[in-house]
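Encoded as structure tokens, the structure appears first; notes follow it.
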Amino acid sequence: MIIALAGGVLALIDGILRLRGKGSTLFGVLETIVAALFLLSHFVPGIPFGTVVLGIATIVVLVIGLILRAKHAFGVTIAALVIIGFWILLVNRWLIIPGVN
């Protein structure tokens, strides 16, 4: 869960940085909403989508963000992608690391 929270917070920070930058504010709002829903889905059981679906949606939004090439948050975007991707591997038991799963 700590891994998912770290990735979600980085994705949320990336969305906020996109909102503060010039242009692509619509995409920044979309990224912020998806990242916030991903974070909330770990604590609130009433979120309509599961955490895995929202994790995949966050990855898709982050990849689109890489394509749009934000200069100020390039490292944050890649870090969030790697962490959430690693979390997806662990939560689906596609990668088993004793002591982490």
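Every number in this text was worked out from the coordinates using simple rules, so none of it is lab data. Note that the coordinates shown come from a computational prediction; the quantities given were computed from them, not determined experimentally. Positions of Cβ are generated from backbone atoms using ideal geometry, with glycine treated the same way; all protein chains shown enter the neighbour counts.
Could you work out which residue, out of 33, 83, 59, moves most in a Gaussian network model of the chain, that is, has the largest mean-square fluctuation with Cα springs under 10 Å?
33
Of 48, 68, 36, which is farthest towards the positive pole of the chain's charge dipole, taken about the Cα centre with +1 and -1 on the beta-carbons of Lys, Arg and Asp, Glu respectively?
Result: 68, furthest along the dipole toward the positive end.
For a quick protection proxy, order the peptides 2-8, 63-69, 94-100 by their average other-Cβ count within 10 Å, most packed first.
Details: 2-8: 18.6, 63-69: 12.9, 94-100: 8.0.
My ranking of the peptides, most packed first, is 2-8, 63-69, 94-100.
Over the range 2-91, calculate the relative contact order: mean separation of alpha carbon pairs under 8 Å at least 6 apart, over the residue count, as a percent.
Working: 101 pairs, mean separation 34.5, N = 90.
The normalised contact order for the range 2-91 reaches 38 percent.
Using the alpha-carbon centroid of each, what span in Å lies between the range 85-101 and the range 1-42?
22 Å
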